[in-house]
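The values are calculated or read from the model by the stated rules, or taken from the named source; none is laboratory data. Predicted, not measured: the structure shown is a model, and the values here were computed from it. Neighbour counts are summed over all protein chains in view; Cβ atoms, including those assigned to glycine, are modelled from backbone coordinates with ideal geometry.
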Amino acid sequence: MNNVVICEANEINLKSTLDGGQAFRWHGKEDSYRGVIEDKVYIIFREENLINAKCINSKIDSAELLKIKRYLGIDFNLDNFKKKYKKNEYIYKLIKQNQGLRILKQDPWESIVSFITSSVSNISKIKKNINELCILNGKKIGDGEYDYIFPNDVEIIQIGEIELRKIGFGFRAPYLIDAAMKSLDNKINMNSKNDKYDDKLSELTNIKGVGRKVADCIMTYGYGRRDSFPVDRWVRKGLIDNLGYNPALSNDKLSELAQKKFKNDSAYVQQYIFYGEKTS
């Protein structure tokens, strides 16, 4: 294992980014987290004024370091984002209070499974479900309790609805099977960065159990889109209580209106609202 420097410590908050409801396979606390990206186990940690990474499977070369930075969203300019909203008292306050919160760029398939699992659930239960799924699939790549590769579409189908229900997926189990079948049939494009928003929304909501909010989460955290605006109860609260949105509107309508207002800042604005409201 070799330690590599990712960035300065003030550029990313590990806790809010890795353990704030975007991803569900990072384990640790405050300044050190262990998790799996693709087929390797990483420990990302703070040491003095730097954020470092080490891989337990191999040495980290320049290409691997770039992959980690991309995953962590280090390329997004938080300073420019903060300056842009200096005149918006509410959003500016959230950015200052949660400095270093970034949006992860995860694998699209893992995000699809994770956010289907998130329906009518909470972060601790989602983490439990997702980690048990990986353990059940059995592809262990490290000596840690949760060092497993994420199951692909074929493996989800092989596990089957009955086993998924047994480990706690409940009514979501057939939705995961449907997603896996559609992925296998190439009805879900995993590399569609340039799709129009409405086209991607239509594609994802064609999966059983996926509505606009889940689709927006998948687009934000799995496809790296910046024009999606997921609205849950926390984001709804922030929009209505602090930005003057009509409480009579549905979450989907709030999402649509906020997306039109914030455009390519949508994902980051909602992320700061979500985390700020949830932790306040």
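Any residue at all in region 77-92 that is crowded, with 16+ Cβ neighbours inside 10 Å, at pLDDT 95 or above and touching a strand residue (DSSP E or B) at 6+ places or on another chain (Cβ under 9 Å)? Scanning region 77-92, I find no residue that is crowded, with 16+ Cβ neighbours inside 10 Å, at pLDDT 95 or above and touching a strand residue (DSSP E or B) at 6+ places or on another chain (Cβ under 9 Å), so the answer is no.
Hey, does region 113-134 have a residue that's under 26 Å from Asn57 (Cβ atoms), outside any helix (DSSP H, G or I) and not assigned by TED's automatic domain parsing to the domain that holds Ala23? No, that holds for no residue.
In the set Glu47, Glu110, only one residue is among the acidic types (Asp, Glu) and either within 15 Å of the chain's Cα centre (by Cα) or under 17 Å from Tyr275 (Cα atoms) (or both); that residue is Glu110.
Arg25 passes all but one of (1) surrounded by fewer than 19 Cβ atoms within 10 Å (Cβ to Cβ); (2) within 16 Å of the chain's Cα centre (by Cα); which number fails? Just one mismatch for Arg25, condition (1).
If you check Asp216, Asp241, which single one turns out to be assigned by TED's automatic domain parsing to the domain that holds Tyr275 and part of a helix (DSSP H, G or I)?
Working: Asp216 fails: assigned by TED's automatic domain parsing to the domain that holds Tyr275.
Selected residue: Asp241, the only one of Asp216, Asp241 that is assigned by TED's automatic domain parsing to the domain that holds Tyr275 and part of a helix (DSSP H, G or I).
Take the residues in region 183-205 that are outside any helix (DSSP H, G or I) and within 16 Å of Arg226 (Cβ to Cβ), then tell me which one is modelled with the lowest pLDDT. First the steps, then the outcome.
The initial filter retains those residues of region 183-205 that are outside any helix (DSSP H, G or I), namely 185-196.
So of that shortlist, the ones also within 16 Å of Arg226 (Cβ to Cβ) come out as 192-196.
Values: Ser192: 72, Lys193: 69, Asn194: 72, Asp195: 88, Lys196: 93.
Filtering first and then ranking leaves Lys193.
Residues in region 133-171 that are within 21 Å of the chain's Cα centre (by Cα), surrounded by 16 or more Cβ atoms within 10 Å (Cβ to Cβ) and of a type outside the set (Ser, Thr, Tyr): Leu133, Cys134, Asp147, Ile149, Phe150, Pro151, Asn152, Asp153, Ile156, Phe169.
Of the residues in region 49-65, not one is assigned by TED's automatic domain parsing to the domain that holds Ala173, touching a strand residue (DSSP E or B) at 6+ places or on another chain (Cβ under 9 Å) and of a type in the set (S, T, N, Q). Determine whether region 233-250 contains at least one residue that is closer than 21 Å to Ser114 by Cβ, aliphatic (A, V, I, L, M) and free of Cβ contacts under 8 Å to residues at least 60 places away in the same chain. There is at least one residue in region 233-250 that is closer than 21 Å to Ser114 by Cβ, aliphatic (A, V, I, L, M) and free of Cβ contacts under 8 Å to residues at least 60 places away in the same chain.
Taking the criterion of being buried (at least 18 other Cβ atoms within 10 Å of the Cβ) and either without any contact (Cβ under 8 Å) to a residue 40 or more places away in the chain or within 20 Å of the chain's Cα centre (by Cα) (or both), the residues of region 52-68 that qualify are Ala53, Ile68. Of all residues in region 104-136, how many are in contact with a strand residue (DSSP E or B) (Cβ under 7 Å, 6 or more places away or on another chain) and without any contact (Cβ under 8 Å) to a residue 24 or more places away in the chain? Qualifying residue count, region 104-136: 1. The set of residues in region 251-267 being of a type in the set (Gly, Ala, Ser) and either in contact (Cβ under 8 Å) with a residue 60 or more places away in the chain or in contact with a Pro (Cβ under 8 Å, 6 or more places away or on another chain) (or both) consists of Ser255, Ala267.
I'd like to know if region 244-265 contains one or more residues that are under 15 Å from the mean Cα position of the chain (by Cα) and in the same structural domain as Glu89 (by TED's automatic domain parsing). Break it down stepwise before answering.
Let us first name the residues in region 244-265 that are under 15 Å from the mean Cα position of the chain (by Cα), namely none.
No, there is no match, as no residue in region 244-265 is under 15 Å from the mean Cα position of the chain (by Cα) and in the same structural domain as Glu89 (by TED's automatic domain parsing).
Within region 1-27, no residue that is in the same structural domain as Ile116 (by TED's automatic domain parsing) and in a loop (DSSP other than H, G, I, E, B) sits with its Cβ atom under 9 Å from a residue that is of a type in the set (Phe, Trp, Tyr) and surrounded by 21 or more Cβ atoms within 10 Å (Cβ to Cβ) at 6+ positions apart or across chains. Just one residue in the set Tyr272, Tyr197, Tyr175 is crowded, with 20+ Cβ neighbours inside 10 Å and touching a Lys or Arg at 6+ places or on another chain (Cβ under 8 Å); that residue is Tyr175.
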